[in-house]
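Step one of this worksheet: look at the structure below.
The values are calculated or read from the model by the stated rules, or taken from the named source; none is laboratory data. What you see is a predicted model; the values in this text were computed from it and never measured. Don't worry about glycine lacking a Cβ; one is built from the backbone with ideal geometry, like all the others, and counts go over all protein chains shown.
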Amino acid sequence: MSHTISALVLNQPGVLARVAGLFSGRGFNIESLCVAETLDPSISRMTIVTRGNDQVIEQITKQLNKLVDIIKVVDFFGSEYVDREMMLIKVTSESSSRAEILRITDIFRGKIVDVTPKSYTIEVSGDENKIRAIIDLLKPMGIKEVVRTGKVAISRGSKGI
Amino acid sequence: MKKTGAQILLESLQLEGVDTIFGFPGGSVIGIYDALFNSPIRHILVRHEQAAVHAADGYARSSGRIGVCLVTSGPGATNTVTGIATAYMDSIPVVVLTGQVSTGLIGNDAFQEADIMGITRPCTKHSYLVKDVKELARTIKEAFYIAGTGRPGPVLVDLPKDVIADSAEFNYPESVNMQSYNPTYRGHRGQIQKAFKLILKANRPLIYAGGGVISSNASEELTTFARTLSIPVTATLMGLGCFPGVDDLSLGMLGMHGTYRANMAVTNCDLLIAVGARFDDRVTGKIDGFAPNAKIIHIDIDPTSISKNIRVHIPIVGDAKDVLKKINKLIQEEKEDWKSIRREWLDQILQWKNAYLLAYEQKDVIKPQYVVEKIYEITKGDAIISTEVGQNQMWTAQYYHFTKPRTLLTSGGLGTMGYGFPAAIGAQIAFPEKTVIDIAGDGSIQMNIQELATVAQYNLPVKIAILNNRYLGMVRQWQGLFHNKRYSHTSLEVSPDFVKLAEAYGAVGLRATKPEEVVPTIEKALSISKAVIMDFVVEQEEDVYPMVPVGAPLKEMLLV
């Protein structure tokens with residue numbers, strides 16, 4: 001099962017290495033990882049997407065909690081939350097396909113952020129299904145390159161983690 | 001008044017109560033050594049940095065204080081890795097101070113540069129690179145706090161040369177305030193209440209005690225708990241000594257080389273109370289066959305130890321001492337005749353005990369078990385014993401009946417050959433008046449034999465008993481049992497003459513080749529106030545039994 005885990009960590013050198021080492025040292029895989037400062041610049045927030053059975057996930061969250069530099073860990077699995085990722089996608093455009101690409105971008109509420117006579121670069125954000133859907137639709141046009149941020153997640157409701 | 005980094009470091013150590021450190025100097029720490037020259041802190045100069053960490057570890061295990069060692073950058077730092085990993089696996093509080101090249105050179109492949117933080121990240125509890133002398137005092141405070149609290153462990157502090165030379169105002173923080181590190185000491189009341197109910201209902205309860213009982217200084221509470229309710233106790237290798245090994249309720253060690261009665265009790269109990277133990281594979285054997293009929297209560301300060309290898313029914317996160325105290329308070333109210341309630345279960349255990357006692361036959365050649373047994377008898381169990389790793393370690397666990405905590409120093413988790421001798425040095429420094437004996441094999445003693453110079457320099461009366469079988473005995477045993485006696489590279493055909501070697505280092509060497517020489521040799525060694533090597537030429541192909549083969553359930557013991 002895929003789990004989305006949020007961790008508040010001290011914004012210090014070496015923290016990412018500790019987290020990465022925790023996963024690699026136990027043979028656990030990180031599907032995506034996203035790190036950036038929070039409102040408090042001394043604290044960063046990591047969103048980690050990983051996969052494993054209940055026992056593996058329990059170990060992962062406990063081991064994360066055990067790291068001295070980690071303040072708080074929340075596994076969103078089974079709770080109400082919103083997750084999003086952002087993608088930049090560069091698509092080959094020919095005169096015949098330009099209108100279609102714009103239409104698809106529009107349907108997905110994407111934005112054209114760069115344009116050349118032979119390509120469009122589109123910015124789009126959404127959950128995993130939306131990202132997958134737009135990739136599928138743009139594939140026939142010829143995708144040159146894709147960059148994804150990995151997921152960020154936040155709980156629903158008025159409370160923070 | 002401003003002070004240099006080196007002064008700040010040493011004064012911080014003093015404020016942490018450190019009076020002794022183990023170390024080896026070098027270029028990047030020369031400033032610290034200069035300050036040490038007229039510091040009240042005692043420095044023990046080892047002959048290899050690995051031994052510095054093991055000695056600090058032995059000091060910590062035997063005394064319950066935090067061990068400290070100091071080494072230089074690069075090779076000095078990398079030589080500590082095995083020592084750090086050893087302390088990490090056994091949860092021993094050690095602060096390792098490593099020199100580092102100047103901050104401006106870090107990452108430049110400078111002379112004697114090693115990314116020791118990176119190298120040791122998986123085997124330290126935490127680590128710091130001090131980049132600013134103003135951060136030094138707080139870092140040392142935190143390092144000691146982290147090493148000694150919660151589940152203890154090694155903390156590494158990397159000290160660049162320029163930071164040590166730089167100066168700052170010295171203000172040692174009074175307390176530590178870390179929002180990200182708050183170990184849980186107090187056990188959850190609801191969970192304790194649940195556990196208590198289960199304990200009262202159990203017909204065949206068993207306590208499985210590990211090293212956590214010793215690190216939390218909970219032996220007294222554990223003993224009260226076990227004796228009040230007449231619950232038998234089996235200990236892990238790390239837990240030996242946490243409950244008197246001579247008590248009727250003591251079943252000795254469990255696991256791969258555990259006693260028949262301990263392993264049978266685990267297999268047949270209906271309630272297993274694990275305290276400060278982590279269900280290591282050498283303890284459980286095949287997981288499905290471990291306590292298959294039991295409900296399991298697990299008391300541990302480290303949540304990651306709980307339900308890691310085996311599902312437990314009642315987890316209690318907390319300090320063993322605190323939790324046991326609370327349980328003991330609850331059981332005070334229960335005035336039952338526990339002895340007679342337990343009679344059937346204890347009788348059964350007695351039957352197992354009598355069915356297969358730990359035994360060996362002492363004929364014309366010295367049996368290694370005999371040596372250990374005699375050391376136990378002569379020291380009356382009152383010595384601090386360290387071991388190396390392999391057969392010597394298992395025979396010590398089986399035949400030396402540890403009755404007090406912190407009297408056995410052994411590398412349980414990592415299984416580090418070469419640990420015992422430097423650990424004995426650390427213990428002897430902590431307890432100058434006590435008898436400290438390293439029970440060694442002829443293989444492992446050679447892994448840190450250079451420390452004979454250290455014991456000579458500081459007149460440490462450490463005793464080494466070598467069970468000399470001219471083999472790497474434990475591996476040979478496995479080759480014998482599982483590889484058709486193909487003794488591939490386990491024969492130590494050439495070893496030094498240990499008696500002459502002792503003499504070369506200014507220690508005393510004694511040799512025993514006949515069974516009747518064993519007792520006089522031990523007695524003589526103990527009467528000498530210098531370091532002594534006792535070379536016991538023992539039966540070459542003696543095996544450690546009982547033995548649970550890897551992957552087998554505990555009840556399937558080889559008992560020969």
Exercise. Can you tell me which residues in the range B:162-190 are farther than 20 Å from B:Leu324 by Cα and either within 14 Å of chain A (Cβ to nearest Cβ) or buried (at least 23 other Cβ atoms within 10 Å of the Cβ) (or both)?
Worked result: B:Val163, B:Ile164, B:Val176, B:Asn177, B:Met178, B:Gln179, B:Ser180, B:Tyr181, B:Asn182
Seminar exercise, completed: If you go through A:Val147, A:Val124, the only one that is in contact with a helix residue (DSSP H, G or I) (Cβ under 8 Å, 6 or more places away or on another chain) and closer than 27 Å to A:Arg45 by Cα is A:Val124
Exercise. So which pairs qualify, if the first residue must be in the range B:488-513 and among the basic types (Lys, Arg), the second must be not in a helix (DSSP H, G or I), the Cβ gap must be under 6 Å, and the two must be at least 6 apart or on different chains?
Worked result: B:Arg511/B:Asp535
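Condition check ((1) touching a residue at least 40 places away in the same chain (Cβ under 8 Å); (2) assigned by TED's automatic domain parsing to the domain that holds A:Thr47; (3) among the charged types (D, E, K, R); (4) in contact with a Phe, Trp or Tyr (Cβ under 8 Å, 6 or more places away or on another chain)) across all residues:
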site	(1), (2), (3), (4)
A:Lys90	yes, no, yes, yes
A:Arg109	no, no, yes, no
A:Glu123	no, no, yes, no
A:Val146	yes, no, no, no
Problem set entry | Flag for B:Ser39 being in a loop (DSSP other than H, G, I, E, B) and either in the same structural domain as B:Asp162 (by TED's automatic domain parsing) or not acidic (Asp, Glu) (or both) | yes
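For (1) of a type in the set (Gly, Ala, Ser); (2) buried (at least 18 other Cβ atoms within 10 Å of the Cβ); (3) outside the structural domain of B:Leu105 (by TED's automatic domain parsing); (4) over 18 Å from B:Pro152 (Cβ atoms), each residue gets a yes or a no:
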residue: B:Ile8; (1), (2), (3), (4): no, yes, no, yes
residue: B:Ser12; (1), (2), (3), (4): yes, yes, no, yes
residue: B:Gly23; (1), (2), (3), (4): yes, yes, no, yes
residue: B:Gly26; (1), (2), (3), (4): yes, yes, no, yes
residue: B:Leu45; (1), (2), (3), (4): no, no, no, yes
residue: B:Arg61; (1), (2), (3), (4): no, yes, no, no
Exercise. With respect to B:Ser340, is the statement that it is in contact with a strand residue (DSSP E or B) (Cβ under 6 Å, 6 or more places away or on another chain), of a type in the set (Gly, Ala, Ser) and either at pLDDT 95 or above or in the same structural domain as B:Phe225 (by TED's automatic domain parsing) (or both) true?
Worked result: no
For this session: Could you tell me which numbered condition A:Val15 fails, if it satisfies all but one of (1) more than 29 Å from B:Ile106 (Cα to Cα); (2) more than 17 Å from the chain's Cα centre (by Cα); (3) within 14 Å of chain B (Cβ to nearest Cβ); (4) not hydroxyl-bearing (Ser, Thr, Tyr)?
Result: (1)
Exercise. So which residues in the range B:91-128 are within 19 Å of the chain's Cα centre (by Cα) and of a type in the set (D, E, K, R), if there are any at all?
Worked result: B:Lys125
For this session: Have a look at A:Ile57, A:Ile5, A:Ile89 and point out the one that is assigned to a helix (DSSP H, G or I) and β-branched (Val, Ile, Thr).
Result: A:Ile57
Problem set entry | Residue in the range B:191-201 that is touching a residue at least 40 places away in the same chain (Cβ under 8 Å) and within 14 Å of chain A (Cβ to nearest Cβ) present | no
Problem set entry | Selected residue (criterion: farthest from the other protein chains (Cβ to nearest Cβ)) from residues of the range A:57-84 that are free of Cβ contacts under 8 Å to residues at least 24 places away in the same chain and of a type outside the set (A, V, I, L, M) | A:Gly78
Exercise. B:Met89 fails exactly one of the following numbered conditions: (1) within 14 Å of chain A (Cβ to nearest Cβ); (2) surrounded by 24 or more Cβ atoms within 10 Å (Cβ to Cβ). What is the number of that condition?
Worked result: (2)
For this session: Determine whether A:Gly27 is in a helix (DSSP H, G or I), within 14 Å of chain B (Cβ to nearest Cβ), without any contact (Cβ under 8 Å) to a residue 60 or more places away in the chain and surrounded by fewer than 16 Cβ atoms within 10 Å (Cβ to Cβ).
Result: no
Exercise. Across the range A:127-144, which residue is surrounded by the fewest Cβ atoms within 10 Å (Cβ to Cβ) among those that are under 30 Å from A:Ser44 (Cα atoms) and touching a strand residue (DSSP E or B) at 6+ places or on another chain (Cβ under 8 Å)?
Worked result: A:Asp127
